[in-house]
Every structure is written in structure tokens, then in C-alpha cells.
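Undergrad: The structure's right below; bear with me while I get my questions together.
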Amino acid sequence: MRTERAARRAGGSRVRLAPSPGVRPPKTSELVARRLRRMIVNGELRDGDHLPYESTLMGDFGVSRPVLREALRILESEGLLELRRGSRSGARVTVPTITATARSTALALQLTGTTLLDIWQARAGIEPLAAGLLARQDHEVIQESLAKLELIVQRSRECVDDPERFATSAAEFHLEVVRCAGNHTLTLMASMLFDITRREMTEAERRESVLHPDGLVRRNSRALRAYEKLMIMLQAHSPGTEEFWRRQIEAAGAMLLEGVDASRVIDVLD
């Protein structure tokens with residue numbers, strides 16, 4: 001059988017493809033939503049900006065009111081617009097924060113049956129990588145990062161015997177390491193994971209404070225020494241930073257999962 005190319009060379013007719021029922025052109029409302037979405041992403045429309053009145057937008061895009069409103073509802077469902085019905089101010093741009101995005105993603109993970117062990121395995125991959133990236137940053141970035149981390153460590157030293165405060169402070173330190181690495185994707189992922197595990201970390205601290213009050217202070221003090229060593233390694237741009245922080249995350253995960261069902265589905269609901 002001759003191929004289409006061979007058929008064309010021989011003067012044959014072109015092969016015609018049967019139309020696929022699964023392919024359709026985008027609706028006009030989707031095209032309008034796409035244009036507005038791009039304007040938000042590019043910074044032409046900023047967080048808190050109000051869109052022009054409907055009549056103006058209808059003229060700008062050359063669409064009817066129903067089409068425009070459908071486009072605005074698409075963006076509202078994505079969290080990019082806030083529609084105030086009956087208000088003269090109209091639609092307002094609302095750029096999602098990392099915290100809000102992480103919260104919704106965490107809920108999706110719970111709905112799909114993600115376990116606590118899954119979360120800690122992900123943290124063991126993300127945090128050491130971020131620490132390694134941070135260690136390779138230039139001197140100015142390292143110094144700014146160390147200043148932020150030192151403030152957290154100082155607060156942590158003041159609450160080594162307080163399970164809730166120390167758990168919160170420790171989570172802040174771990175997350176700040178990822179933020180300082182400068183990778184937005186890792187920061188989003190880490191924010192989501194910390195939102196999920198913060199409650200588990202607090203509960204683990206509470207259990208330790210009841211069962212072993214003296215051991216709680218010793219363990220938290222060890223964590224502080226690990227934080228201080230990490231900062232020294234960052235200051236020196238040490239190539240061993242990533243591996244060191246991996247061992248620390250694995251040890252923290254073993255502590256957290258001790259005495260709990262690691263196969264239990266996470267719970268992010270209040």
C-alpha cells in the first residue's frame with residue numbers, strides 16, 4: 001500500500017481523516033477567560049485590581065453579556081477573580097497565595113487517600129534537595145538566609161520545653177530552608193507538606209512531653225544542634241549539606257512515625 005506521501009508524488013488523492021467527536025474548538029467564553037488569565041499571569045492585572053465595567057469589557061472583547069459572564073465565572077472557579085454580585089465595583093483580581101494553593105492541594109491529597117508515610121517520604125526528597133541548592137547560592141543569598149534562620153533558632157531556644165511552640169518553630173525553620181533555596185516549585189510543595197504535617201508534629205511533641213518530659217527537652221535540644229550545624233555548613237557552602245539534611249529529615253520522620261499508624265490517611269480538616 002502506498003503511503004500518503006507516495007500517493008501525492010504519483011498524483012493520487014490526499015488521505016482524509018474522519019472527524020473526531022472528542023475534539024472541539026474552544027468556546028468564545030474560554031477564549032476570553034484565557035486572555036484575562038494571561039493578563040493576570042503577566043502582571044497586566046494585579047492582585048486587588050478591579051476589572052472594567054461589563055459594558056467596557058463587552059466592547060473590548062466584542063462579546064455578549066452572557067459570554068462575558070461565563071468567562072468571568074471560569075476565572076472565579078480558578079480563584080483568580082472575586083465576583084461581587086450587586087456591587088458596582090464589579091470583578092476583582094485575587095491572585096492565589098502559596099498558602100491557599102497548598103491548602104487546597106492538601107485537601108486533594110486527603111481525598112485520594114494519601115498516607116502520613118507518603119508525606120514524609122516526599123519531605124525526605126524535597127528538603128535535602130533544597131538545602132543542597134541553598135548551599136550553592138552566592139555569598140549574599142547565604143548571609144540573608146542565615147539571618148532569617150538564626151532568628152527562628154533564637155525563638156526555638158526559648159521554648160524547648162513547650163511542645164506546641166517548639167513544633168511550630170521547628171516547622172518554620174524547615175520551611176524557611178526550602179524558601180531560601182529560591183526554587184518556587186519546591187517552596188509550594190514544601191508549604192503543602194508542612195500544612196499537613198504540622199498537626200502531626202505537634203501531637204508527637206505532646207506525646208513526648210507526657211511520656212518523657214525530660215526526654216522532650218533533650219530531643220529538642222538535639223534538633224537545635226542540628227539546625228546550628230546546618231547553618232555552619234551553609235556558611236561554608238559545604239558539598240555535604242544535602243546528605244546531612246537528608247539524615248536529619250529521616251531521623252525526624254522516624255520519631256514522628258513512632259507509635260502511630262503510618263498507613264493512616266492524612267487529615268487536614270479542622
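Undergrad: So which residues in region 135-144 are charged (D, E, K, R), in a helix (DSSP H, G or I) and under 25 Å from the mean Cα position of the chain (by Cα)?
TA: Glu144
Undergrad: Which pairs turn up if I take residues in region 46-66 that are under 15 Å from Leu81 (Cβ atoms) and modelled with pLDDT of 90 or more and look for partners that are part of a loop (DSSP other than H, G, I, E, B) and open to solvent by 50 Å² or more (accessible area, probe 1.4 Å) with beta carbon separation below 8 Å, at least 6 apart in sequence or on another chain?
TA: Arg46/Val95; Asp47/Val95
Undergrad: Same structure again: Considering every residue within region 173-194, establish whether at least one is at pLDDT below 85 and loosely packed, with under 15 Cβ neighbours inside 10 Å.
TA: The answer is no; no qualifying residue exists.
Undergrad: A further question follows. Which one of Ala226, Ala204, Ala147 is open to solvent by less than 70 Å² (accessible area, probe 1.4 Å), of a type in the set (A, V, I, L, M), part of a helix (DSSP H, G or I) and at pLDDT below 95?
TA: Only one candidate qualifies: Ala204.
Undergrad: Further, regarding this structure: Could you list all residues from region 124-155 that are in contact with a Ser or Thr (Cβ under 9 Å, 6 or more places away or on another chain) and over 20 Å from Ala190 (Cα atoms)?
TA: Listed by number, the list holds a single entry, Arg155.
Undergrad: Among Ala135, Ala122, which is the only one that is touching a residue at least 60 places away in the same chain (Cβ under 8 Å) and out of contact with any Asp or Glu (no Cβ under 9 Å at 6 or more places or on another chain)?
TA: The conditions single out Ala122.
The values are calculated or read from the model by the stated rules, or taken from the named source; none is laboratory data. Nothing here was measured: the structure is a model prediction, and the numbers come from that model. Ideal geometry is used to build each Cβ from the backbone, glycine not excepted, and the neighbour counts take in all protein chains shown. The protein model used for the area step is the full one, side chains on, heavy atoms only, and it has no ligands, DNA or RNA in it. Shrake-Rupley method; radii C 1.70, N 1.55, O 1.52, S 1.80 Å.
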